[in-house]
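Reading through the structure tokens given below for one structure.
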Amino acid sequence: KIPASGKDLSNESSNMLENLMLAQAQECFFVKATVDGKSPGICARLAKQAELFYREAWNNTKQPLLKDRIDAEWLNHVRTKEAMM
């Protein structure tokens, strides 16, 4: 059992943060590819991967250990980013 002070260091929390950071990084590559005029196929693949990372981060937030600990504003942010990609 994880002590209350250590919940932010749990596997569930680490997985969620990992997916969130990967999604944000992938989104940066998507924006750069778009600005640089890369082909629509490249941009679509980058956007799709960002969407998948955001979706996985969202799914991670539903874990029992996290679902009541993450602010609703962050949940809305992740869902919005997933929808945008």
*For K38, which of the numbered conditions (1) part of a loop (DSSP other than H, G, I, E, B); (2) among the charged types (D, E, K, R); (3) in contact with a helix residue (DSSP H, G or I) (Cβ under 6 Å, 6 or more places away or on another chain) fails to hold?*
(3)
*Looking only at the range 11-30, and only at residues there that are at pLDDT 95 or above and exposed (fewer than 14 other Cβ atoms within 10 Å of the Cβ), the one that is nearest to the chain's Cα centre (by Cα)*: M21
*asked:* I'm told N59 meets every condition in (1) in contact (Cβ under 8 Å) with a residue 12 or more places away in the chain; (2) open to solvent by less than 70 Å² (accessible area, probe 1.4 Å); (3) under 10 Å from the mean Cα position of the chain (by Cα) except one. Can you identify the failing condition by its number?
replied: (1)
*Test result for E51, open to solvent by less than 40 Å² (accessible area, probe 1.4 Å) and modelled with pLDDT of 95 or more*: yes
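The values are calculated or read from the model by the stated rules, or taken from the named source; none is laboratory data. Remember, predicted model here, so these are calculated numbers, not experimental data. FYI the Cβ positions are ideal-geometry reconstructions off the backbone, even for glycines, and counts take in every protein chain you see. Remember, those area values only see protein heavy atoms, side chains included, never the ligands or the DNA or RNA. Shrake-Rupley method; radii C 1.70, N 1.55, O 1.52, S 1.80 Å.
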